[in-house]
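Asks: Below is a structure I'd like to ask you about.
Coordinate-derived values only; no laboratory data. These numbers come from a predicted model, not from an experiment. Cβ placement follows ideal geometry from the backbone for every residue including glycine, while neighbour counts extend to all protein chains displayed.
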Amino acid sequence: MKTRSRALTLISLVIGLALFVFLVSQVGLAEILARVESLGAGFLLILAISSIRQLARSLAWLRCMTPEDRQVGVFTVLRARLGGDAIGDLTTAGPLIAEPLKVMTFGRRLPMAALVSSLAVENLAYAFSSCVMVIAGTLALLAAFTVPDSLRTASWVAIGLVLVVLVGSVVVVRLRRSLISALSAATLRLLKRERQWGEKLERVREMEAYVFDFYARRPLDFLLVTLLEMSFHLAGVIEIYVTLKLIGYAPTLAVAFILEAVNRVINIVFAFVPAVVGVDEAGTGLLATTLGLGATAGVTLAIIRKARIFFWIGVGLIFLAFRRSEVKEEAGERVEAKG
């Protein structure tokens, strides 16, 4: 399984890099380098803005925990988020490996069930806010710019599908419909493995109950988490606006908003591509052309964003290394205590 995963990671990375090289050659390496160089020390400002995004989602996760569990502090949550996302960004598994790793990074500081449940709530809030962001950005694109008929049709179809997901999610939470556990139970019965997985199925039910209770009984926390997720997206819009300004373009906030909305789609749909290399440059370059900025602006923006991504990947890997040494020390202390 590990061999297959590594092979898929390598294949997707090679394809992404090939697409990246093609786009750079088409747009012009000299022009891109000139734009990137004009950013200069402004990259530090980009990192500062992006740090707001990291902090916003970390605080959102912390707020999704119970008051007792919040004692772990925001730095512990931030470290777990960055560590998990670092590995997720570097592999085709994406969230499938990133989310469990975030939970594992806590070690024995909090119960596993509490971590999984609170993380599920935060991810649901992020997904909901991203759907709203995508709908708003797509509507802004259709209203303010001339797009090909095929793209316009596809956009309306996408809006319809996202709306179905949003409304369905709201109905499920409001009516406390345990769809995940019901589907899991049906699958286990079909495979005749209900006995072996009974305990894990019960944990899924507990997680669903935690999610339902959070939205029904903790309105203040729900409001704060919503504001934090909105801050995450707002910081993304500001980051794009500032980046384009620093490299010599004159975008409007509406343009930056649309670019960030589409970036949410790229990150979700192509999560299996390591660091979304190639596809980010292609998608952003195409959209930037539609918005009147030109392909060079989009590709350069994506490349600078890639540099920011790798900065946080590096930070996350450092945190994981420190956490690994801490785990070894804790294991050694337990051995000494037993002796």
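Asks: Exactly one of these conditions fails for E122: (1) free of Cβ contacts under 8 Å to residues at least 40 places away in the same chain; (2) in contact with a helix residue (DSSP H, G or I) (Cβ under 9 Å, 6 or more places away or on another chain); (3) not aromatic (F, W, Y). Give me its number.
Replies: (1)
Asks: State whether the residues of region 188-195 include one that is assigned to a helix (DSSP H, G or I), crowded, with 17+ Cβ neighbours inside 10 Å and not charged (D, E, K, R).
Replies: Checking region 188-195: at least one residue is assigned to a helix (DSSP H, G or I), crowded, with 17+ Cβ neighbours inside 10 Å and not charged (D, E, K, R).
Asks: Further question on the same structure: Could you check region 265-282 and list, in sequence order, the residues that are without any contact (Cβ under 8 Å) to a residue 60 or more places away in the chain and out of contact with any Gly (no Cβ under 6 Å at 6 or more places or on another chain)?
Replies: Matches in region 265-282: N267, V269, F270, D280.
Asks: Name the residue that is nearest to the chain's Cα centre (by Cα), counting only residues in region 32-44 that are of a type outside the set (V, I, T) and surrounded by fewer than 16 Cβ atoms within 10 Å (Cβ to Cβ).
Replies: L44
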